[in-house]
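Some notes on the structure that comes next.
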Amino acid sequence: MYASREDIGYDFGDDSKAGSKPIKPNPNIDGGWAWMIVLSSFLVHILIMGSQMALGILNMEWLEEFNQSRGLTAWVSSLSMGITLIVGPFIGLFISMCGCRKTAIIGGILNALGWILSAYASNVHYLFLTFGVTAGVGSGMVYLPAVVMVGQYFQKRRALAQGLSTTGTGFGAFLMTALLKYLCTEFGWRNAMFIQGAISLNLCVCGALMRPLSAKSVVSEKYGARSNSEDNQAKALSHSAETIKSNGVLSEEPEKKEEATNEEVLDSVQHIEIGGKSRSGRNMYGLRILKTVSQLTVTVRKGFAIWYSSYFGAASLFTNRVFVAFIIWALFAYSSFVIPFIHLPEIVKQYNLPSQNNIFPLTSIIAIVHIFGKVILGIISDLPCISTWNVFLMANFTLVTCILTLPLMQTYVSLAVVCALIGFSSGYFSLMPVVTEDLVGTKHLANAYGIIICANGISALLGPPFAGWIYDITHKYDFSFYISGLLYMVGIIFLLIQPCIQKKQPREKSTEEAQV
């Protein structure tokens, strides 16, 4: 049975209140506007992740234009991809204060600005700032809300919804590669980046589609959850949540007092405004500004309080040991997926297979099968008799096995089979938001998933240079795959060990109590 977040959940004691007030389920959950959210997230993945997958076209133009080393020029693309993910925890703060819609719209403007300013680059270092940082931060401000909103709007079919939305990465890789190649050929790389910046403004439209759920919808969402299984994995992970609840539950009394104080300030401002209608327009204008500033201050303080408590408060996300193991896994996992894309062309040359690879590139096999993998794994995970956690682990084991065996394959057919398995098993990326939500709950999904993609960003940023460094020492690509595969296996072992520890601790505690 599917292990929902009530099984392996990470909660803060809010469900008891919600349980006393059953509300009619909102029609937009698992249907209605929810599919517009999937469409919005799908387009975001095309415009952001698809564009980043196609940066190899621009990288060749930059090498020819600026005559810099390949290593220095490659940092432009690495910065953009890495920062998109690394800024996740800070984007969680924006979401807590402004919501997903405003955050995504601002990010769309910032991303487009980064592309447009990069068209006027005079050197590679200029691109570090405009494209690597500016466009990267803008991408992160759109990407995280796109994932979080799908998790908020879906309960019964979350895995399928996330799978459909994230297939935009594969489609985008094909579309954006062809588009950028055509634009660079017809108009030059500078005009191509300018046009791509204009296209990126569509991210603002995607953000506008991210209509927030009402408070009633959030409460009713809990009643639309699937029935929970009692398998050993779910029980083991549930102890993580119980430990959190017993150790650190956010006290609500200080928040209530703070909200009451803020409301008193706003009421006093409103009272002054009403009593001062006879005053001059200048004073009224000043009072309105004061009221707006007070409301903004209240919003910022509440958002920061939620963000701070998630990371450093008594009920911090880091007190969930399974979630911490998930972070460690994320630090090693993403580079194992990125490294084959970078080194496969060189391996093909080494084995004298360029003619066959030119007909159907191995990287294209990974990208195509990756699309189907996301959808199929999402459908399987949504089956009532299947645990998402088990599907996630099986896909990880398959991927790490393929990474370790890929250097042993020396024919095009064998490499194609392994690459197809890599593409299919890496479809577990669509399950990452689902597993994260199961661990921490919908309320803390933005902050928690921000941490996970930050770990992925560090992996994406450091993994490929590390693999290149290994090649410079050994003059073989084999060791790059072996070392990344072994590190990946360490991360998977952490995922397996922590639930066993959580399961063992309550037994030891009960034994001690019996002795007393």
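The values are calculated or read from the model by the stated rules, or taken from the named source; none is laboratory data. Nothing here was measured: the structure is a model prediction, and the numbers come from that model. Please note: Cβ atoms are built from the backbone with ideal geometry, for glycine as well, and neighbour counts cover all protein chains shown. Heavy atoms of the whole protein, side chains included, go into the accessibility calculation; ligands, DNA and RNA do not. Shrake-Rupley method; radii C 1.70, N 1.55, O 1.52, S 1.80 Å.
Summary table below
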quantity: Identity of the residue in the stretch 445-470, buried (at least 24 other Cβ atoms within 10 Å of the Cβ) and more than 13 Å from the chain's Cα centre (by Cα), that ends up nearest to Thr84 (Cα to Cα); calculated: Ser459
quantity: Tally of residues being surrounded by fewer than 24 Cβ atoms within 10 Å (Cβ to Cβ), of a type in the set (Val, Ile, Thr) and in contact (Cβ under 8 Å) with a residue 60 or more places away in the chain across the stretch 107-142; calculated: 3
quantity: Elements of type helices (runs of 4 or more DSSP H) in the stretch 68-128, at least 1 residues being modelled with pLDDT of 90 or more; calculated: 100-118, 124-127
quantity: Any hit, the stretch 126-145, residues being under 19 Å from Ala173 (Cα atoms) and in contact with a Pro (Cβ under 7 Å, 6 or more places away or on another chain); calculated: no
quantity: Positions within the stretch 130-162 being small (Gly, Ala, Ser) and over 19 Å from Leu439 (Cβ atoms), in sequence order; calculated: Gly132, Ala135, Gly136, Gly138, Ser139, Gly140, Ala146
quantity: Residue ranges of helices (runs of 4 or more DSSP H) in the stretch 162-243 with at least 1 members open to solvent by less than 30 Å² (accessible area, probe 1.4 Å), at pLDDT below 85 and at negative phi; calculated: 168-187, 215-223
quantity: Residue that is farthest from Met193 (Cα to Cα), among those in the stretch 29-40 that are open to solvent by less than 20 Å² (accessible area, probe 1.4 Å) and in a helix (DSSP H, G or I); calculated: Ala34
quantity: Any hit, the stretch 397-417, residues being buried (at least 23 other Cβ atoms within 10 Å of the Cβ) and over 25 Å from Asp478 (Cα atoms); calculated: no
quantity: Count - residues of the stretch 41-67 that are open to solvent by 30 Å² or more (accessible area, probe 1.4 Å), of a type in the set (A, V, I, L, M) and modelled with pLDDT of 90 or more; calculated: 1
quantity: Residue check, Leu431 under 22 Å from Leu487 (Cβ atoms), aliphatic (A, V, I, L, M) and surrounded by 24 or more Cβ atoms within 10 Å (Cβ to Cβ); calculated: yes
quantity: Residue in the stretch 81-91 that is open to solvent by 50 Å² or more (accessible area, probe 1.4 Å) and more than 21 Å from Leu462 (Cβ to Cβ) present; calculated: no
quantity: Criterion (out of contact with any Cys (no Cβ under 8 Å at 6 or more places or on another chain), touching a residue at least 24 places away in the same chain (Cβ under 8 Å) and more than 20 Å from Lys349 (Cβ to Cβ)) met by exactly one of Leu404, Leu415; calculated: Leu404
quantity: Enumeration of residues in the stretch 304-333 that are at pLDDT 65 or above and open to solvent by less than 10 Å² (accessible area, probe 1.4 Å); calculated: Leu317, Asn320, Val322, Phe323, Ala325, Phe326, Trp329, Ala330, Ala333
